[in-house]
Amino acid sequence: MTIDNVPLPDSLSEQVKRLAFYRERGIDPYDSSFRRTHAIEDIRENETVYLDTGKKVSVSGRVMALRRHGKAFFADLQDRSARIQIYAKKDNLAEEEFEIARATDVGDLIGVTGSVFKTRTGELTVVAGTFVLLGKCLKPLPEKWHGLRDVEARYRRRYLDMIMNLEVRKIFYLRSRALRVMRNFLDDRGFLEVETPMMQLLPGGALARPFKTFHNALGLDLFLRIAPELFLKRLIVGGLEKVYEINRNFRNEGLSIRHNPEFTMLELYQAFGNYETMLELCEELLCFVVQTILKSLRIKYQGLDIDFTPPWTRINLRKSILDASGIDIFEDSSEVMFFKAERAGMHVEKNWDRGKMINELLEHFVQPHCVNPTFVLEYPVEISPLSRSKKNDPRVAERFELFIGKEEIGNAYSELNDPIEQRKRFESQLYKREMGDYEAHLVDTDYLEALEYGMPPTGGMGIGIDRLVMILTDSSSIREVILFPILRPRPD
């Protein structure tokens, strides 16, 4: 047996042998002339129309199951929306078409035109009047894909995961819809969607380690952005006033069920606003998304009952940690903080700096109690280098983080628009970097020059899209909501 004069070994699969069967008969196994007229979901939702009128439909998709009975066979056909049964028999098809149908395998892509009826068991079925092979599947589909214990295999072969599991596809349809709802919400409120550079001379806008690359033509080191913040605020200086970007960020950090080095954020800025403006906007935006997508403000996430009904809880970071651990993040020295944290049962590492310690205290003592949407307010300025400080206490930043379902979802603050103070903050970060903190900010002189032309009071906010979609889809891992998450290489 050959294909295009190439001999085929006997060990090849039955699917490949059938491919040769089609080729020998001059049948194109990858026909592109068929035109679909109906999605299967449309037929199911309006079945009485098709049953009563005998209207012809043309459907296409992947064969997921086959049941052969002599000169006839039944197939389960799946498109992007749903499944329907196909009935094909020799009397209804041209000879070549029946040859195609008879050699069909599970996994093949086919197109069928015919009328709709119900079998005696009530199964909605399309009777094939024409039958076209649209794409030959050369490997057998997994028989029990849901039963695989190695979940990484699902992520590595996401295409198979989606073929076999309609629920996985629904996650990504929902993700796309959530982004569209967000865009509509912001567009309706006068925000302008923009695009900023993903390759930057200096990484900035967040405390994170960047990925580094090299531009050959310019002979320059460049960095994949860790955040679009400093570019978006340049646009505020330029007078755009309300901007947002649904952006890809890259942070050279570890992998976990909550972290992927490449992730998606919604980041927005509003001139003549502040962190209270952002708090109100955040609550309104996410309530709108949840209600629109899930039709309720009360949902379940990983066994938790979450109520998005506003107003959301607001707590003070300093007080929450103090009440839970006896640690005062503003008054206690680093040594005292370490001692009290250990005494309160928290694991600590001696190489943590003060900022790392505060973040760990938050994660250990406060975050586990934030089930319903909770704004944690007023962070130390020392871990908020781009935030405006409060007038009555320069140690405290006008900043909040949002937690939902025990997950950090968002971060917002009143933007620091004083170029002299911002320069001091950058220089302080530079000292930390010289001491070995490679996540600290660099001094971005171009951004400082932009601030010197005057930036209005501004509120800024970032929302983690991947973690939000985890909550909307009740997913336990960030990898479930990213089509192609970063994975370790397979062992040889």
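The values are calculated or read from the model by the stated rules, or taken from the named source; none is laboratory data. Quick caveat, the model's predicted, so the values are computed rather than measured. Every residue, glycine as well, gets a Cβ built from its backbone with ideal geometry; the counts of neighbours run over all protein chains shown. Side chains are part of the model used for accessible areas, which takes the heavy atoms of the whole protein and leaves out ligands, DNA and RNA. Shrake-Rupley method; radii C 1.70, N 1.55, O 1.52, S 1.80 Å.
Report yes if some residue within region 287-294 is out of contact with any Asp or Glu (no Cβ under 6 Å at 6 or more places or on another chain), at pLDDT below 95 and assigned to a helix (DSSP H, G or I); otherwise report no. No.
Just the residues that are part of a loop (DSSP other than H, G, I, E, B), more than 23 Å from Gly405 (Cβ to Cβ) and touching a helix residue (DSSP H, G or I) at 6+ places or on another chain (Cβ under 8 Å), please, taken from region 246-272.
Residues of region 246-272 part of a loop (DSSP other than H, G, I, E, B): 251-261, 272.
After this cut, where a residue has to be more than 23 Å from Gly405 (Cβ to Cβ) as well, the list is 252, 272.
Within region 246-272, none qualify.
Under 15 Å from Ile315 (Cα atoms), open to solvent by 10 Å² or more (accessible area, probe 1.4 Å) and within 33 Å of the chain's Cα centre (by Cα): does that describe Glu378? Here the answer is yes, as Glu378 does meet what is asked.
Filtered by the rule that a residue be open to solvent by 40 Å² or more (accessible area, probe 1.4 Å), modelled with pLDDT under 95 and over 32 Å from the mean Cα position of the chain (by Cα), region 398-433 gives Arg423, Lys424, Glu427, Ser428, Leu430, Tyr431, Lys432.
Rundown of residues vs (1) touching a Gly at 6+ places or on another chain (Cβ under 8 Å); (2) modelled with pLDDT under 95; (3) farther than 21 Å from Ala271 by Cα; (4) aliphatic (A, V, I, L, M), yes/no style:
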| position | (1), (2), (3), (4) |
| --- | --- |
| Lys356 | no, yes, yes, no |
| Leu361 | no, no, yes, yes |
| Pro368 | no, no, yes, no |
| Pro373 | no, no, yes, no |
| Tyr379 | no, no, yes, no |
| Ser384 | no, yes, no, no |
| Ser387 | no, no, no, no |
| Lys391 | no, yes, no, no |
| Val396 | no, no, yes, yes |
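Exactly one residue out of Glu276, Glu349 is outside any strand (DSSP E or B), exposed (fewer than 15 other Cβ atoms within 10 Å of the Cβ) and more than 31 Å from the chain's Cα centre (by Cα): that is Glu349. Taking the conditions (1) in a helix (DSSP H, G or I); (2) touching a residue at least 24 places away in the same chain (Cβ under 8 Å); (3) polar (S, T, N, Q) in turn, Ser32 satisfies each one other than (1). How about region 50-71: which of its residues are over 16 Å from Lys136 (Cα atoms), modelled with pLDDT of 90 or more and part of a strand (DSSP E or B)? Across region 50-71, the qualifying residues are Val57, Ser58, Val59, Arg67.
If only residues of region 434-450 that are buried (at least 16 other Cβ atoms within 10 Å of the Cβ), among the charged types (D, E, K, R) and modelled with pLDDT under 90 are counted, the one that is farthest from Phe231 (Cα to Cα) is Asp437.
Looking at Phe214, is it at pLDDT 90 or above and open to solvent by 50 Å² or more (accessible area, probe 1.4 Å)? Against the criterion (at pLDDT 90 or above and open to solvent by 50 Å² or more (accessible area, probe 1.4 Å)), Phe214 qualifies. Considering region 183-238, the residues that are in a helix (DSSP H, G or I) and in contact with a helix residue (DSSP H, G or I) (Cβ under 6 Å, 6 or more places away or on another chain) include one that is nearest to Glu262 (Cα to Cα), namely Leu230.
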